[in-house]
Amino acid sequence: MKVLVIGGTLFIGRLLVDDLVKAGHEVAVLHRKPKHEFGRRVENIVADRNDQDSLEEALSGRRFEAVYDNVYDWERGTTAAQVEATVQACGGNRLTRYIFMSSVAAYGDGLNHKESDPLAPDYHANPYIRHKASTERLLFRMHSQKGLPVVTFRPPFVYGPHNPFYREQFFWDRLRAGRPIIIPGDGHRLMQFVYVHDLVSALVRSLVEPRAVGEAFNIADPKAVTQVEFIERLAKAAGVEPVLARVSRDVIQQAGGNPMDEPYYFGEYFDIPPITENIGKVTRVLKMKLTPSDIGLKETYRWYTRNHRPRTSGFDFDDKVLSMAKTGSPASV
């Protein structure tokens, strides 16, 4: 099958392209860089997917049977209108699949969401949540009105080798250095994860499974974990005993901590209100088994030890937060 992957050079896309090539598909990657690292086996198409003219010019005269839309522009946002323009530029109803990477964030808030639950409104204050939800609504409307063969996926936090976000590595750097791990508040805030290899396997399976068309899929570990449980699992994968330091979020904020910007205090973007989902449909329809988290984390830690130079310094902000908590700030726990 001739497949276009929009955003195929980092993390999820990189693994997806490799698996599609191994499966015998003819793959092209569309991104903003003049070259990629896949060699001649993968066509390189240069365009800004948020720029309709650029996109149409790059795709003019090309025909694809399937499209994976993996890209979100974190600086400018990627709107439903821009995704609609992408669908049209790629041939729309001539496609056999249009597979869109959404997010658990599309639900807006809340726990234990089913795929049938309503998504966040178009006026949601958070642009990422708003764009993912409104784009899914658009794509499923195109499916019902025009027959667009859409499939969407709603993963939570994705972990695994080549993760470009400073997340698992953030904690392993500190655990290996014998540093205490700052736990925001009581550490009971829920988190849910999916192993990148499981996500990619589902993406590839949805390409050929007829029952996937017109469906949204939650995909994650079946059980959410608390922040403390997550750290304990990371420590177990590294073979160390964690030292936990619970600190009030008020103290962290007073020190200058912000979950969305550096200096990070609990990994990149990790300390946010929980949104979790129920799992079952993806394993049933796509006939796949999910990787147990202990196995996924061991594989990720193996990659980390071989490819990431652990930090031995640069923990100044951690020390500032811990010092403020130790000196008896009234907000400390």
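The values are calculated or read from the model by the stated rules, or taken from the named source; none is laboratory data. Values in this document were obtained by computation on a predicted structure and should not be read as measured data. Cβ: placed from backbone, ideal geometry, glycine included. Neighbour counts: every protein chain shown.
So if I check each of Asp173, Asp186, which one is over 30 Å from Gly91 (Cα atoms), more than 21 Å from the chain's Cα centre (by Cα), modelled with pLDDT of 95 or more and assigned to a helix (DSSP H, G or I)?
Working: Asp186 fails: assigned to a helix (DSSP H, G or I).
It is Asp173.
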Going by what's in this entry, would Arg302 be described as farther than 30 Å from Phe153 by Cα and either within 23 Å of the chain's Cα centre (by Cα) or of a type outside the set (A, V, I, L, M) (or both)?
no
Would you please list the contacts, defined by Cβ atoms under 6 Å and residues six or more apart or on different chains, that run from a residue in the range 131-160 that is not assigned by TED's automatic domain parsing to the domain that holds Asn50 and among the aromatic types (Phe, Trp, Tyr) to a residue that is at pLDDT 95 or above and surrounded by fewer than 20 Cβ atoms within 10 Å (Cβ to Cβ)?
none
Which residue is surrounded by the fewest Cβ atoms within 10 Å (Cβ to Cβ), if the candidates are limited to the range 232-270 and must be under 26 Å from the mean Cα position of the chain (by Cα) and among the basic types (Lys, Arg)?
Lys236
Within the range 211-231, does at least one residue satisfy the condition of being modelled with pLDDT under 95, of a type in the set (Gly, Ala, Ser) and more than 17 Å from the chain's Cα centre (by Cα)?
no
Just to verify a result, which residue in the range 122-155, among those that are among the aromatic types (Phe, Trp, Tyr) and part of a helix (DSSP H, G or I), is surrounded by the fewest Cβ atoms within 10 Å (Cβ to Cβ)?
Tyr128
So which residues in the range 259-312 are of a type in the set (Asp, Glu) and assigned to a helix (DSSP H, G or I)?
Asp294, Glu299
Given (1) farther than 24 Å from Glu209 by Cα; (2) out of contact with any Lys or Arg (no Cβ under 9 Å at 6 or more places or on another chain); (3) free of Cβ contacts under 8 Å to residues at least 12 places away in the same chain, identify the lone condition not met by Ser116.
(1)
Search result, residues across the range 38-64 that are in a loop (DSSP other than H, G, I, E, B) and touching a helix residue (DSSP H, G or I) at 6+ places or on another chain (Cβ under 8 Å):
Phe38, Val42, Ala47, Asp48, Arg49, Asn50, Arg63
Matching residues, the range 90-104, being in a helix (DSSP H, G or I) and at pLDDT below 95
Gly92, Asn93, Arg94
